[in-house]
Structure formats: structure tokens, C-alpha cells
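Below is one structure, written out as C-alpha cells; the observations come after it.
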């Protein structure tokens, strides 16, 4: 037996006491509470932060180069009003030659759509989740908004119209006069007018420029306006294409014929234009120099102002037909007349009936009427090619003692009849 073997010992390992366990548990709980409390606090603060921006603009927001971060709608509106007021204080100067026309933006009613723009700026991010909202607030990214300037197009139009009226130079039509087989043409003059559409659009562009100058200069342009009746068109009139003369005796009717013929004188009809004998003569009143003379009424000869002017319309009618022009409106007399054959007369009244016809040719037609020495003549002048070389002759055929049918015939250069047109039947009353 080895006496050096150490004696065995039985050590007892002591377990933590209940008190120590409690301390450890308390410590763990305390840490958890601290962490949880901190998290809850942070979360609460974050909610407060996010909620604080529900009625404010998120950070990093600019209107052009103005920082509006954290602004309420009222504060944003105030800033926008200042911006719009600055724009409205600007002016536009339109120069045309040596003339200048100025208008303030305010007078053109410049503004913006406040409600729509403010809602757009304020609503950004409000539809996102909580974490995204928090990120937008704590880690903002720069965003810039720009508004559109609004204005009154009616006010712009008024401004442009005012300018146009002041710079306008109306064109002058060429004119023509025929006297004793002599043709005289007075040249027309070119007019000038503002290019309104161009100026209107240039003003709109200036108003829409947010960063424009305090005084915006715009040059208005004018354009030439040709006269409706040109010298070249009237110079095409070179030939008397028809003529007709009737005769009258001195007296009241003769006086009225001479006055009425003078009222007509030279009348220019461009292609497609119409002639009214009643309008050309005008009211047959004493104020216009007309006197009382014989007229027809209800089968009787009675006195009336302007009596005798129907001889003017009848003379024109015969010259018109010989020019190859068929009337639009023509009425025969109530009773027969002695200065033209039956069926070739044309009566007129103060307003109606009337002798009306339209220039059917591609060239101007000049109606020239004059009276002197007991005769009245109506002439039709135009281009030598107007009638295409056709000569026209009206003929009336009596169908009874007080009735006639009228035709218009056309003849070529060889004298051959190439056209026949029935015009009208005239039926007269006997004198009572």
C-alpha cells in the first residue's frame, strides 16, 4: 500500500443563490426595458416628426430657386404671391418703326393657379408609407417645382387690336373713269397692317417666361396689303362692248332723267359684283333735286317725284342685254312706254321694283350713264375679250297689242346666230 496517496476530499460546488438570480433577471429586464423604452421613444418622436409635416411642405423642396421646406399652405401662398407680384410689375414694350406701345403684365391679368400648384407642392410624399415619409424628412432630396404663368388672352387681343388700329394704313383701290370714249385709270396704293397673330404669340411667349426682364421689348412687324381693286385689273378695260341711247323732251321728266343719270355716272363692277339701278340713282326726293313729273299708278298717269327715271333703267336694260348680260331682276311697266319697244322696258320704284344684274365676266365692267341735249346713253365697257367675240342683240315680238315676248340672240364674227335665250313675256294694261 502506498502511503503517499493523497486523501480524497469531497468539495461541494455552491450554486447561485436565489438573490443572485433575481439580480441577473432584474438586470436583463432593465436592459430590455431601456432598449424598448428607447425604441418606443424614438418611434414616438418619429411619429411626431412625420405628423408635423402633414400640413407642411417636405424638406428639400424649392419653387424655382426659393426654399419652401417646412412651409404651411398659408406661408407658401404668401411666397407665391410675392413671386407673382414681381412678375406682374414687369412691362412689355412693343416697337413698330418710331412708335412704341407699352403695357404692364398686371393689365394683362398675369397670375398663377394658386390652389392647384400649392396642393401639388404640399401633397408630395403624403401618400407614402410611414418609413418612406420619415426618410423623405430625415434624408431629403432636393426637388424643384415651377408654375405656369396664366394671363388673359382677351386682354392681349385688346392690346394687339389697339396697336393694329393705330399703325394701320388702309390700301387705296385703283379707280377708273370713262368719259367721251376716253378711259382714265388712277393707280391704287398698297396699304400696311400689323401682323397681329405674330405679335399675339410673341406677347404670350414673353408672359410665359418666368425669368423675363423688368421691361420686355418686342418688335411688331407690319405687312403689305394689296388693294382689292388693282391698277392692272382696271387697265384690262379697253373696249366699249355695248351702248344704247333713248330720247326725251324738255320738261320735268327730262330734268329727272338728267339728275338720275348724273347720280349714276360711272359704276365699276368687278367680276361677280351686282348693280342695282335703284341704289345707283338713290331716293328720288326733292332733297336730291328731283321734281314732280308723270308716273304710272293703277292704270293712270299721275304726278310723282322722280317721274321719268324709268327711262334711265330701260336704257340701261337695253345696253345690258347688248353686253350679253341677262338681268337678275327686271319688271315691265304697268302700261306701255314710247321710248323703247314693248318687252324692252324696265320699270323701277323708290325701293322696288328694281333692275338688277351681275357682272358675269372675268373682267371688270364699267357702266357709264350720261344725259344731255334730250338724249340719255348707257354704255358698258370691259375687255375686248370679255364676250368672247360674240355680239348680242335683243328682240321683242309682239304677241298682242299689249304684250310681247323678248329674246336675246348671240352672233359670231361671221354674223351667224349661235345662241337664242328666251328672256321674258311682258303684258301691259291699257290706259284708263
If we ask which residues in the stretch 151-173 are within 30 Å of residue 82 (Cβ to Cβ) and either in contact with a helix residue (DSSP H, G or I) (Cβ under 9 Å, 6 or more places away or on another chain) or loosely packed, with under 12 Cβ neighbours inside 10 Å (or both), their number turns out to be 9
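So that you can scan it fast, the table gives a plain yes or no per residue for (1) outside the structural domain of residue 82 (by TED's automatic domain parsing); (2) surrounded by 14 or more Cβ atoms within 10 Å (Cβ to Cβ):
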{"residue": "136", "(1), (2)": "yes, yes"}
{"residue": "188", "(1), (2)": "no, yes"}
{"residue": "202", "(1), (2)": "no, yes"}
{"residue": "211", "(1), (2)": "no, no"}
How many residues of the stretch 149-166 are in contact (Cβ under 8 Å) with a residue 12 or more places away in the chain and either under 15 Å from the mean Cα position of the chain (by Cα) or over 30 Å from residue 64 (Cβ atoms) (or both)? The answer is 9
### Residue match in the stretch 261-273 (condition: touching a helix residue (DSSP H, G or I) at 6+ places or on another chain (Cβ under 7 Å), over 12 Å from residue 376 (Cβ atoms) and modelled with pLDDT of 95 or more)
yes
Subset of the stretch 366-380, residues surrounded by 18 or more Cβ atoms within 10 Å (Cβ to Cβ) and closer than 16 Å to residue 259 by Cβ, comes to 369, 370, 371, 376, 378
Yes/no for residue 210 being in contact with a strand residue (DSSP E or B) (Cβ under 7 Å, 6 or more places away or on another chain) and either outside any helix (DSSP H, G or I) or closer than 30 Å to residue 314 by Cα (or both): no
When the stretch 82-99 is checked residue by residue, the ones that are surrounded by fewer than 14 Cβ atoms within 10 Å (Cβ to Cβ) and within 14 Å of residue 147 (Cβ to Cβ) are 82, 85, 86
Picking from 393, 351, the residue that is in contact with a strand residue (DSSP E or B) (Cβ under 8 Å, 6 or more places away or on another chain) and either under 20 Å from residue 430 (Cα atoms) or assigned by TED's automatic domain parsing to the domain that holds residue 423 (or both) would be 393
Residue 256 - would you say it is outside the structural domain of residue 357 (by TED's automatic domain parsing) and over 20 Å from residue 381 (Cβ atoms)? no
Only one of 383, 359 is buried (at least 19 other Cβ atoms within 10 Å of the Cβ), over 23 Å from residue 429 (Cα atoms) and either without any contact (Cβ under 8 Å) to a residue 40 or more places away in the chain or within 41 Å of the chain's Cα centre (by Cα) (or both), namely 359
Sole miss for residue 138 among (1) at pLDDT 95 or above; (2) under 30 Å from residue 52 (Cα atoms) is condition (1)
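The values are calculated or read from the model by the stated rules, or taken from the named source; none is laboratory data. Treat the numbers as computed from the prediction; the structure is a model and nothing was measured. With ideal geometry, Cβ positions are generated from the backbone for all residues, glycine too; neighbour counts draw on all protein chains shown.
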